[in-house]
Amino acid sequence: MNLRAIEPQGNSDGLRSQSLGLAIDTSSPILTLALGSVEGVYRDQTWNLDREISAQLHPLLREFIAPQRWTDLAWILVLKGPGSFTGTRIGLVTARTLAQQLKVPLFGVSNLAIAAWREAIKLEIRDRWTVAVSQPGRLGYTYGAVYEVCQQAGTLTALMPDQLVTLEAWNQTLAEVGRSIAGRSIPGRSIQMHLKLDTHTSNSLENPTAPDLQPSLGTTLLGFGWQQWQQGFRPEWYEALPYYG
Amino acid sequence: MATVLAIETSCDETAAAVVKKHHIFSSVVSSQIAIHQPYGGVVPEVASRRHVETMNETVAEAIAQSGLGWSEIDGVAATCAPGLVGSLLVGLTTAKTLAMLYDKPLIGVHHLEGHIYASYLEQPDLAPPFLCLLVSGGHTSLIAVRDCGQYETLGQTRDDAVGEAFDKVARLLGLGYPGGPAIDRLAREGNPQAFALPEGNISLPGGGYHPYDTSFSGLKTAVLRLTESLKAEGAPLPIADIAASFQETVARSLTRRVIRCALDQGFATIVVGGGVAANGALRSHLSAAASEKGLRVIFPRMDLCTDNAAMIACAASAHLSVGHHSPLDLGVKSRLAITDVMSLYQSGHP
C-alpha cells in the first residue's frame, strides 16, 4: 500500500470515529510522527531532537494530533528497535499507554523489518523479494535479520528473525543463507539484497536514493500499519516491547 | 484538595497510587527486588526494562482499586528527580501520556518530598514546621520543612547514604540484598555492645565537629577491618554481634544528630522518612530519646517508609491544590536538591 498525502475532511467532528492510524518512531534522535486514514496521509513530520526527544515528544504529539481527537484513532504503530535503548523505550511507553487507554491495537514493528518494507517500495518491487537487513550494534556486534517482502500480497515475513550477533557470525550467516535460511532449505529464496542500515536513522547506507524518490518513514509506517489492519491483525498493547537484542 | 494518580519509578519499584490529600484510595507496588538480588544491587538498565513491562498493569490496578473514574482524578503525577534516569523516564513518560490523553495537569514530584509527605499520610493532623530525618538507600538528610515546597537542608551525609552502608555491610557479612532488613533481623540475635565502632564525625576547619552532618564510609571500613581481623583469628565470625554493633552505631549516630538539630532549631516534631525508617534500632533509639526531650516523633508505617506512589500522590495533591503544576516538556534529573523543588512547577492554568 502506497499512501498519498490528502487533506483531512474538515475538522474532527466531520470524521468517522476510529478512522485514523498514528505512527510513532523515537528509536533514533529523529522523532517521526504520522497520522492518516486508509485513504491517505494527513500529516507526516520529523524533528531532529537529539537528546531532547524525551522532553519534547508529548508537547509535539499533542500539537500534532489536533484538530483530530485521540478517540479518532483506530490503531497505533510504534518502532520497537533495534535503536537507542532510551529513545525506543520512550516511544514504546507512550504508545503502550495510549493503546491501553484507548483500547486500540498496537503494532510494535522491528526497525529492520520496516527498512526492508520501505526498500521494496522504493525499488518498486511488487513480487516476492528476499532481503537481508543489518545494522551496527554495540561492541562489534551487529543486528541482523532476513525478511521476505511481497508488496503485491501485502506481506512481510521474517525468514530469520532479528538477532544480535558478532559481525563474523553475521557474515557467516549471509554466506550460508543463500543455500538455506535459519537451517531450513528454502528453494528459490536466496538473498536478493543485503540492506545495511545507519545506526542512528535506520536509513540505508548503500543504494542511496534521492530523498524525493524514497517514501518518507512516516508514510511507510502508515502504509504498513493499514496493510496489517486490513489483513485483520489486532495485536494487544502489551505485546509490544522494546527489542534490545 | 485534589485527587491525584501518581507514579513512582525512581529506582527498582514500579508503583502507582490514587490519593486525595491524606486519604489513600489505592496504592500498588510491583517490586523488582527478586530480579536484582542475584546482582547484589540494583542494575539500572535491568530496572528500566522491567518498569516498561510492569508499568501499565500497575497503573491499571491502582485505578481499578481506587474505584474512581478519570472524571474524578484531578491530576497525574510522577517522580521526576532524583533517581535512576532510565527508570524515572519510564514513569514520567507514562504520566505525561495520561495527562496529555485525559487533559489533566501534570505534576512532577521530588522523590524526597514524597518521603516527607509519607508522614502526612501517617498523621493527617501533621502540620509544618517540623524536622524530617530522611534515611534511605540513596539519601541521608536532615530537612527543615517550612511549608509545601519550602525546605532547608540542615544536615546530610558526606559520603555513603545510610541505606547504602547497610547494603555494603550486609554484603561483607554475606547477608545478601537488600541489606537493611537482613541486618535488622540478624541484629535481634546479637549483642549491640559487642564491638565498639566509629560513629563518623565530620571535622570542621576551625576545630570541633559538624553537629548534623554524617559519614558512614569510615564505619563501613571499620566493619571490614573487624571482620578481616576476626577471620584471621580463625574463629567462626560472630555475624549477629557484628550486625547488632553496626546497627547500634548507626542508630546512635543518627539519633544524636537529629535530637540536637531539633533542639537547636526549635522543632517540636520530628518525622522520619525513607526505607531505613523501618529499622528497628533507629525506631527504638529515636523514640526513647525524643520522649526524654519532650519531642514528638512520627515514623510512617512500614509500607509508607519504602518507595511507594501514595507518598508521591500526597505531595502532588498538596502542590496541585495550591496551583502548582509542571509543563509537559518536564525532564528527569538524576540529582536535584530538595531546596530546588519549586523549579519543577509553574503556576496558573496548565
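Data for the structure
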| item | result |
| --- | --- |
| Lys/Arg +1, Asp/Glu -1 at C-beta; the protein assembly as shown dipole; positive extreme among B:150, A:68, A:136 | A:136 |
| Separation of alpha-carbon centers, the stretch A:134-151 and the stretch A:89-112, rounded to whole Å | 22 Å |
| Sequence-separation-based contact order of chain B, relative, with Cα cut under 8 Å and 6+ spacing, percent | 25 percent |
| Normalised contact order of the stretch A:31-107, rounded percent, pairs of Cα under 8 Å and 6 or more residues apart | 24 percent |
| 222 nm mean residue ellipticity, helices alone, for the protein assembly as shown (DSSP H n ≥ 4; -39,500 (n - 2.57); rounded to 500) | -11500 deg cm²/dmol |
| Overall Cα dimensions of the stretch B:128-304 - principal axes, largest extent first, Å | 55, 42, 29 |
| Total charge dipole magnitude, chain B, about the Cα centre, Cβ charges on Lys, Arg, Asp, Glu only, Debye to nearest 20 | 480 debye |
| Using θ = phi - 60° and Karplus 6.51 cos²θ - 1.76 cosθ + 1.60, couplings along the stretch A:38-48 (whole Hz; Gly, Pro as x) | 5, 7, x, 8, 7, 9, 8, 9, 10, 9, 8 |
| Gap separating the Cα centres of the stretch B:190-207 and the stretch B:321-350, nearest whole Å | 39 Å |
| Spin-label pair residue A:231/residue B:237, simplified geometry with 7 Å Cα→Cβ offset, distance in nm | 5.9 nm |
| The protein assembly as shown, dipole about Cα centre (Lys/Arg Cβ +1, Asp/Glu Cβ -1), debye to the nearest 20 | 360 debye |
| Under the Karplus curve 6.51 cos²θ - 1.76 cosθ + 1.60, θ = phi - 60°, whole-Hz ³J(HN,Hα) for the stretch B:62-67, x wherever Gly or Pro sits | 5, 5, 4, 5, 5, x |
| Spin-label zone in the stretch B:35-71 - amide nitrogen under 17 Å from a point set 7 Å from the Cα of residue B:103 along the C-beta vector | B:70-71 |
| Mean separation of Cα contacts under 8 Å (6+ apart) over length of the stretch B:128-304, as relative contact order % | 25 percent |
| B:334, B:87, ranked by accessible area, largest first (probe 1.4 Å) | B:334, B:87 |
| Ordering of A:57-63, B:109-115 by packing [mean C-beta count within 10 Å, highest first] | B:109-115, A:57-63 |
| Of B:180, B:294, B:138, the one that fluctuates the most in a GNM where chain B has Cα springs shorter than 10 Å | B:294 |
| Probe 1.4 Å - accessible area at residue B:50, Å² to nearest ten | 80 Å² |
| Label-point separation, residue B:64 to residue B:210 (7 Å along Cα→Cβ), nm | 4.8 nm |
| Residue (of B:286, B:195, B:179) at the positive-pole extreme of the stretch B:128-304, dipole from beta-carbon charges | B:286 |
| Dipole magnitude of the stretch B:128-304 about its Cα centre (Cβ charges: Lys, Arg +1; Asp, Glu -1), debye to nearest 20 | 200 debye |
| Whether the stretch B:7-158 is rounded, prolate or oblate, judged on the alpha carbon gyration tensor where a/c under 1.5 counts as rounded | oblate |
| Protein-only accessible surface order, largest first, of A:103, B:104, B:231 at 1.4 Å | A:103, B:231, B:104 |
| Crossing angle, helix B:162-172 versus chain B [Cα axis fit, 0-90 degrees, rounded to tens] | 50 degrees |
| The protein assembly as shown, accessible area per residue, ligands and nucleic acids excluded (1.4 Å, Å²) | 40 Å² |
| Theoretical gain in end-to-end length, residue B:347 to residue B:335 [0.36 nm per residue, Cα-Cα removed] | 2.0 nm |
| Under 5 Å, built H, 5+ apart or other chain: amide partners of residue B:158 | B:214, B:215, B:216 |
| Anchor residue B:231: aspartates and glutamates whose Cα lies under 18 Å away (excluding residues fewer than 8 positions away in-chain) | B:241 |
| Cross-link pairs B:20/B:96; B:220/B:333; A:122/A:196; B:21/B:293; B:20/B:104; B:20/B:293 - those with Cα-Cα distance over 25 Å | B:220/B:333; B:21/B:293; B:20/B:293 |
| Heavy atoms of residue B:70 accessible to a 1.4 Å probe, total area in Å² rounded to 10 | 40 Å² |
| Estimated inter-spin distance, residue A:62 and residue B:291, nm [label 7 Å along Cα→Cβ] | 5.2 nm |
| In degrees, nearest ten, helix B:111-122 long axis to first principal axis of chain B (Cα) | 90 degrees |
| Where A:50, B:167, B:159, B:103 fall by accessible area, highest first, once all protein chains stay in place (1.4 Å) | B:103, A:50, B:159, B:167 |
| Heavy atoms of residue A:64 accessible to a 1.4 Å probe, total area in Å² rounded to 10 | 10 Å² |
| Amide hydrogen neighbours beyond the local backbone of residue B:107, cut-off 5 Å, H modeled | B:76, B:77, B:78, B:326 |
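The values are calculated or read from the model by the stated rules, or taken from the named source; none is laboratory data. Note that this is a predicted model, so its numbers are computed, not measured. When we count neighbours, we look across all protein chains shown, and the Cβ atoms used for this are built from the backbone with ideal geometry, even at glycine. Side chains are part of the model used for accessible areas, which takes the heavy atoms of the whole protein and leaves out ligands, DNA and RNA. Shrake-Rupley method; radii C 1.70, N 1.55, O 1.52, S 1.80 Å.
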